[in-house]
Amino acid sequence: MSGRVLVGVKRVIDYAVKIRVKPDNSGIVTDGVKHSMNPFCEIAIEEAVKLKEKKLIKEVVAVSCGPQQSQETIRTALAMGADRGIHVEVTGKDYETLGPLQVSKIMAALAKKEDAQLIILGKQAIDDDCNQTGQMTAALLDWPQGTFASEVALEGDKVKVVREIDGGLETIKINTPAVVTADLRLNTPRYATLPNIMKAKKKKIANMKPADLGVDLTSRLEVLRVDEPPQRQAGVKVETVDDLDSLMNNWTVFHKCTQRTSLCVVLIPLLETVTPEDMRKEEC
């Protein structure tokens, strides 16, 4: 295959930043917080650049949807080796409600406009963990998809994808054009060198709006509330084995339900009375 590859790059809160929920529980705090490229998107860019270095494709186009700051993410992709960028500007309320379906519509429209032969996306973003954009994009385009890729090889007009699945690895071969989503073990992204960072400043970034692509960003989802996960309770430090034995004897474990190969258990303090009737209530 010798053509154009679109790669989605998402601007997310940096993985090393501690997430804080807004006081009104309407979302998370983003103002004044360090952002960077989604790690799985870095892997997607790296794979596309490697394919170009092997002369298997002609052009790598980095695409990002979001506010003006998203251009910084595109510049990072250009410094890693992408040829040019496309910034689809989404701001205000539309950006707050931007989800996988809306991004998928944008990617599908761009794929047709750019006559792309391959779309490579990260399997998920670390901010919402949706893992939906690649699948939805393939469905909208009616293209084959190779998700959770740990190895990608172009063989003529086909793409060989080794997928990471629950049972191990699955190897598939799909026709192009196609959508591929990158998993963690696909590659190790390169660092952008200073000369490449300087070159990236001269590369073109096209600006457009969703309306230019005929995409409606109306969201079908409403976020009701965002809460922090409950704090983990403190552990108990014991001095001797006898203390540990005494502590363990204050708890009983009874079988709640067995489903497939998973065993679910419930810990009940012996201070509470557990009758046979109570245990029968806990049966699946």
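The values are calculated or read from the model by the stated rules, or taken from the named source; none is laboratory data. This one's a predicted model, so the numbers in the text were calculated from it and none came from an experiment. With ideal geometry, Cβ positions are generated from the backbone for all residues, glycine too; neighbour counts draw on all protein chains shown. Areas reflect the complete protein model, heavy atoms only, side chains present, ligands, DNA and RNA absent. Shrake-Rupley method; radii C 1.70, N 1.55, O 1.52, S 1.80 Å.
At full extension, residue 190 and residue 22 could sit 57.0 nm farther apart than now, given 0.36 nm per residue minus the alpha carbon distance. Taking every protein chain into account, the accessible area of the chain amounts to 62 square angstrom per residue (probe 1.4 Å). With Cα atoms as the point set, the radius of gyration and Dmax of the stretch 1-144 evaluate to 15.1, 52 Å. For the residues 48, 16, 109, a GNM of the chain with alpha-carbon springs under 10 Å puts the largest fluctuation on 16. Which residues make up the longest stretch of the chain that has no GluC sites (Glu not before Pro) in a DSSP loop with at most 12 other Cβ atoms within 10 Å? Result, exposed sites excluded: 1-221. About its Cα centre, the dipole of the stretch 1-150 is roughly 300 debye, where the only charges are +1 on Lys and Arg Cβ and -1 on Asp and Glu Cβ.
Going through (i) 44, 24, 20; (ii) 37, 19, 17; (iii) 33, 25, 19, the figure that equals semi-axes √(5λ) of the Cα gyration tensor in Å as computed for the structure here is (i). Mean sequence separation of contacting Cα pairs (under 8 Å, at least six apart), scaled by the length of the chain, corresponds to a relative contact order of 20 percent. Please give the Cα centre distance for the stretch 162-180 versus the stretch 88-104, rounded to the nearest Å. Cα centroid of the stretch 162-180 versus Cα centroid of the stretch 88-104: 28 Å apart.
With the helix formula -39500 (n - 2.57) applied to DSSP H stretches of n ≥ 4, the chain reaches a computed 222 nm mean residue ellipticity of -7500 deg cm²/dmol. Hey, can you list the DSSP H helices of the chain whose Cα span along the axis is 15 Å or longer and whose average Kyte-Doolittle score is at least -0.5? Going by DSSP H runs, the hits are 39-53, 70-80, 100-114. About the centre of its Cα atoms, the stretch 123-231 shows a dipole size close to 880 debye [charges on the beta carbon of Lys, Arg (+1) and Asp, Glu (-1) only; nearest 20 debye]. Given a 1.4 angstrom probe, I'd like the percentage of the accessible area of the chain that is carbon and sulfur, rounded to a whole number. Carbon and sulfur together cover 51 percent of it.
This model, with +1 at the C-beta of Lys and Arg and -1 at the C-beta of Asp and Glu, gives the chain a dipole about its Cα centre of some 1800 debye.
The residue list 230, 145, 196 was ranked by how far each Cα lies along the charge dipole of the stretch 125-239 toward its positive end, using unit charges on Cβ atoms, and 196 comes out on top.
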